[in-house]
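Visitor: Before I ask anything, here is the structure I am working with.
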Amino acid sequence: MKRRTLIKGLATGLSSLYLSRAFGSSLLQTNLNADTSSGPFKPDWDSLAQYQVPDWFRDAKFGIWAHWGPQCQPEHGDWYARGMYQEGSDHYKYHVQKYGHPSKFGFKDVINEWKAENWDPGELLGLYKRAGAKYFMALANHHDNFDLYDSKYQSWNSTKLGPKKDLVGGWAKAAKQHGLPFGVTVHGSHPWTWYEVAQRADKTGPYAGIPYDGKLTKADGVGKWWNGYDPQELYAQNHELSKDSLNDDSMGAHWGWGNGASVPNKAYCDKFLNRTIELIDKYGPELIYFDDTALPLWPVSDAGLKIAAHMYNTSIKKHGKLQAALFGKILDQQQRKCMIWDIERGQSNQIEPLPWQTDTCIGDWHYNRRIFNDKGYKSAKTVVHTLVDIVSKNGNLLLNIPVRGDGTIDSEERAVVEGIGAWMQVNGEAIYGTRPWKVFGEGPAIDSAAPISAQGFNEGKGKPFGAEDIRFTTKGKTLYATMLGWPSGKEVLIKKLATNDQMGKVSQVSLLGNDKLSYQQTAEGLKVKLPEQAPGKDAFVLKIEGAI
């Protein structure tokens, strides 16, 4: 995932969307080392526009994600494998203190420290299912280029190094046991530029001028723990630096392979394509998320187009109809027809005509022990409010629960998950299988909503939700009105349900988890008398019959 510091660069990088006209006729044509299934989808945007979001995904609404890999081992937060090579940064200072200088102990060595010794995917999936998750996604690789599955194309993988376990396989098995659709997230198109910091050396101090380990070769491993493995297969740094590479914040502008980014060669693109096709064929995910502008390596390569077409055709072959969900970011209007638009750490401010998804996290994407120590996680209340708002606008929520290096989650995280589950047990009826109403809601928070920046990042920037903020969903002829707080008086007024020519007559109102309520529908709105005491916490759902 991409850090907040890169928003400005990503906004600049939007120009890469328009590079398609320049690159479209001269895309780097990748080669597959395996046969792909035939089918109606071809690797081009016009063909992919046949895509229809499957109903099971639209009904599911809520998924949980394990954004877990070797960068969680230091327990120091996001983008560790990049930050540790940025002299003077928080990660760099921590790394030098904990492990030593990155010329002597690089990220490859962090991988070697990672053992995932207490990982129990079955227990975690059971917890997530009880919390109300209707699908589960696991990291397959990150920008650190380490595959978390048994890959014949990438020697640097979790079955051979680090944990020496097939992590994607373990997650997939546990998801199947608990009856949850399984997905993977793929971030491995970016190491080419993301790891460029590993080519640096300190500018000052006792190690000034001594290169970090980003340029090491297989020959350098003689007598080392990594003897026989080529660091360049991990770091991919046998190339010239991107323009402005020495600027730590340049990565955002390079994300879509524009603005002077070093463009990957054919071997790199072929390898990424083959790794990802193998992942789909071996583990059969129903969902695949790409941390990319549109599709991986677009617009300089056709690899992402081929992967998308293969994913869709494979789903049809498996199920008899298309059941796959595929996600991309910063999509233009044509591309939103081809896949599901994903918004990172933010949400739309309107009902979207096509289903979409927010991906967010209760803490950092990679586990950060400091957030636990500071009790800094999002509360169950915040997650519930986010979910309710997103669902009212035709979206789903994918929530990351950060996993520690040893494969466990901490006590604070567990409490958040259990709190979400307690709310869902009573109120899930207003979430699952619903569709948007004619308006998504009412209340003061709407006027202060922040616009989306680049791929998202408007989360928490508006006015906090309160009791006057109401969000609507529908199911059949039932309207659900979720109050994002408990009114201080004994009555709530829903202005959108005022009597008029377009509004049906309300025939019954009840509070989920409670009894039927008395009400009065007037020209001012629907006035509902509430119980003396709130029947739960966080958010409260009125079930309304007859209004639609």
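Please treat every number below as a calculation from the coordinates, not as lab data. Just so it is clear, the structure is predicted and the values come from calculations on it, not from any experiment. All Cβ positions, even for glycine, are placed from backbone atoms using ideal geometry, and neighbour counts span all protein chains on display.
Visitor: Please compute the Kirkwood hydrodynamic radius over segment 21-146, one decimal place, Å, based on all pairs of different Cα atoms.
Guide: 19.0
Visitor: Another question about this same structure. How big is segment 325-372 along each principal axis, measuring the range of its Cα positions in Å and listing the largest first?
Guide: Taking the Cα atoms of segment 325-372, the three principal extents are 41, 21, 16 Å.
Visitor: Turning to a different aspect of this structure: Looking only at Cα atoms, what is the convex hull volume of the chain per residue, in Å³?
Guide: 150
Visitor: Show me the GluC sites (Glu not before Pro) within segment 226-333 that DSSP assigns to loop and that have at most 15 other Cβ atoms within 10 Å of their Cβ.
Guide: Here the GluC sites (Glu not before Pro) that fit, given the DSSP loop and packing criteria, are GLU240.
Visitor: Dimensions of segment 377-423 along principal axes (Cα, Å, largest first)?
Guide: 37, 18, 15
Visitor: What do you get for Rg/Rh over segment 184-246 if you use C-alpha atoms and the Kirkwood form of Rh?
Guide: Using only Cα positions, Rg/Rh for segment 184-246 is 1.03.
Visitor: Quote to one decimal, in nm, the extra length available between LEU241 and THR522 on full extension: 0.36 nm per residue of separation minus the C-alpha distance between them.
Guide: Length difference between fully extended and current span is 94.5 nm.
Visitor: Out of segment 204-238, which chymotrypsin sites (Phe, Trp or Tyr not before Pro) are coil in DSSP terms and have no more than 13 other C-beta atoms within 10 Å?
Guide: In loop regions of segment 204-238 (DSSP not H, G, I, E or B), the sparsely surrounded chymotrypsin sites (Phe, Trp or Tyr not before Pro) are TRP225.
Visitor: Next up: Cα centroid distance between segment 204-243 and segment 488-520, in Å?
Guide: Rounded to whole Å, the Cα centres lie 66 Å apart.
Visitor: Neighbouring Cβ atoms within 10 Å as the yardstick, rank CYS361, CYS72 fewest first.
Guide: CYS361, CYS72
Visitor: What does the highest-first list of 489-496, 303-310 look like by mean Cβ count within 10 Å?
Guide: For the peptides 489-496, 303-310, the packing ranking is 303-310, 489-496.
Visitor: Please compute the length gained on full extension between SER411 and GLN50, using 0.36 nm multiplied by the number of residues separating them and subtracting their Cα-Cα distance.
Guide: Length difference between fully extended and current span is 125.5 nm.
Visitor: Which values of log₁₀ I(q)/I(0), to two decimal places, follow from the Debye formula for segment 139-260 at q = 0.13, 0.15, 0.20, 0.23 Å⁻¹ with a uniform point scatterer at every Cα?
Guide: -0.66, -0.82, -1.15, -1.29
Visitor: How much FRET efficiency would the formula 1/(1 + (r/R0)^6) give for THR217 and LYS282, where r is the Cβ-Cβ distance and R0 is 25 Å, rounded to 0.05?
Guide: For R0 = 25 Å, the calculated efficiency reads 0.25.
Visitor: Dipole size in debye (nearest 20) for segment 4-344 around its Cα centre, Lys and Arg Cβ +1, Asp and Glu Cβ -1?
Guide: Dipole about the Cα centre, nearest 20: 560 debye.
Visitor: Here's something else I'd like to know. What ratio of Cα Rg to 2.2 N^0.38 Å holds for segment 65-124?
Guide: So the Cα radius of gyration is 1.20 times the expected 2.2 N^0.38 Å.
Visitor: Continuing with the same structure: Take every Cα pair under 8 Å in the chain that's 6+ residues apart, average their separations, divide by the length, and report that relative contact order as a whole percent.
Guide: Value for the chain: 18 percent.
Visitor: I would also like to ask the following. Along the charge dipole of segment 4-344, pointing to its positive end and built from +1/-1 on Cβ of Lys, Arg, Asp and Glu, which listed residue (LEU180, ASN265, VAL168) has its Cα farthest out?
Guide: Working it through, the farthest residue towards the positive pole turns out to be LEU180.
Visitor: Grab the DSSP H runs of the chain that are 4 residues or longer, score each as -39,500 (n - 2.57), total them, divide by all residues and round the 222 nm result to the nearest 500 deg cm²/dmol.
Guide: So the helix-based figure for the chain works out to -7500 deg cm²/dmol.
Visitor: Moving to a separate point now. Compute the Rg to Rh ratio over segment 441-545 from the alpha carbon atoms, using the Kirkwood formula for Rh, and round to two decimal places.
Guide: Result: Rg/Rh = 1.01.
Visitor: Given PRO444, GLY476, ALA534, which one lies farthest toward the positive end of the charge dipole of segment 441-545, if we put +1 on the Cβ of every Lys and Arg and -1 on the Cβ of every Asp and Glu?
Guide: GLY476
Visitor: What length, rounded to one decimal in nm, is gained on full extension from ARG435 through to ASP90, with 0.36 nm per residue of separation minus their alpha-carbon distance?
Guide: Length gained between ARG435 and ASP90: 119.8 nm.
Visitor: Using +1 at the C-beta of Lys and Arg and -1 at the C-beta of Asp and Glu, which of GLY83, TRP226, ASN247 has the Cα lying farthest in the positive direction of the dipole of segment 4-344?
Guide: The Cα lying farthest towards the positive end belongs to TRP226.
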